[in-house]
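These notes concern the structure reproduced below.
No lab work stands behind these numbers, since they all come straight from the coordinates. Everything quoted here is computed from the prediction, not taken from an experiment. When we count neighbours, we look across all protein chains shown, and the Cβ atoms used for this are built from the backbone with ideal geometry, even at glycine.
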Amino acid sequence: MVTSQLFTVDALYLMDGFSIVKGREAIAKQLKIEMSAGPAKITLNTLEIYHDKTSITEVGTWVVTIIDGSTEIVIPGNYLVVWQLQKDGRWMIYRDVINHSGNHKI
């Protein structure tokens, strides 16, 4: 599955320092740009999950490690994702908010 297919058609993707990205197609373009930076390891750590019958809110931290030759660039951050139950029973991302939480370590 292509990552952008996890998002609802009307999803929002919010990153600090950037404009709000609206809709699955625009999010797919943004994710393609982000992934073009090269090979990276992404580690997610879910800290909290809240849910009801139609939505799940997930809060956590992330670390992206980019290998640039012999150098590792470590970028830490936080995230909040709202999952929404669809009529067909699938859970999809309705809102995705990420921000950097510290200085990049090289």
Quiz item: Is there any pair linking a residue in the stretch 21-45 that is under 18 Å from I93 (Cα atoms) to one that is in a helix (DSSP H, G or I), with Cβ under 7 Å and at least six apart or on different chains, and which?
Solution: V21/I27; V21/Q30; R24/S4; I27/S4; A28/S4; L31/T3; L31/S4
Practice problem: For residues that are of a type in the set (K, R) and assigned to a strand (DSSP E or B), scanning just the stretch 64-106, find the one that is farthest from the chain's Cα centre (by Cα). | Solution: K105
Quiz item: Which ones in the stretch 11-23 are surrounded by 18 or more Cβ atoms within 10 Å (Cβ to Cβ) and not hydroxyl-bearing (S, T, Y)?
Solution: A11, L12, V21
Quiz item: How about the stretch 68-79: which of its residues are surrounded by fewer than 16 Cβ atoms within 10 Å (Cβ to Cβ) and out of contact with any Gly (no Cβ under 8 Å at 6 or more places or on another chain)?
Solution: G69, S70, T71, E72, I73, V74
Quiz item: Which condition breaks for G38 when tested against (1) surrounded by fewer than 16 Cβ atoms within 10 Å (Cβ to Cβ); (2) under 14 Å from the mean Cα position of the chain (by Cα)?
Solution: (2)
Quiz item: Taking only pairs six or more apart or across chains, which ones have beta-carbon atoms under 6 Å, a first residue in the stretch 63-92 that is free of Cβ contacts under 8 Å to residues at least 40 places away in the same chain and more than 24 Å from Q5 (Cα to Cα), and a second residue that is among the polar types (S, T, N, Q) and surrounded by 12 or more Cβ atoms within 10 Å (Cβ to Cβ)?
Solution: E72/T65; V74/T65; P76/S101
Exercise. Filter the stretch 18-74 down to residues that are touching a helix residue (DSSP H, G or I) at 6+ places or on another chain (Cβ under 9 Å) and of a type in the set (V, I, T), then give me how many there are.
Key: 2
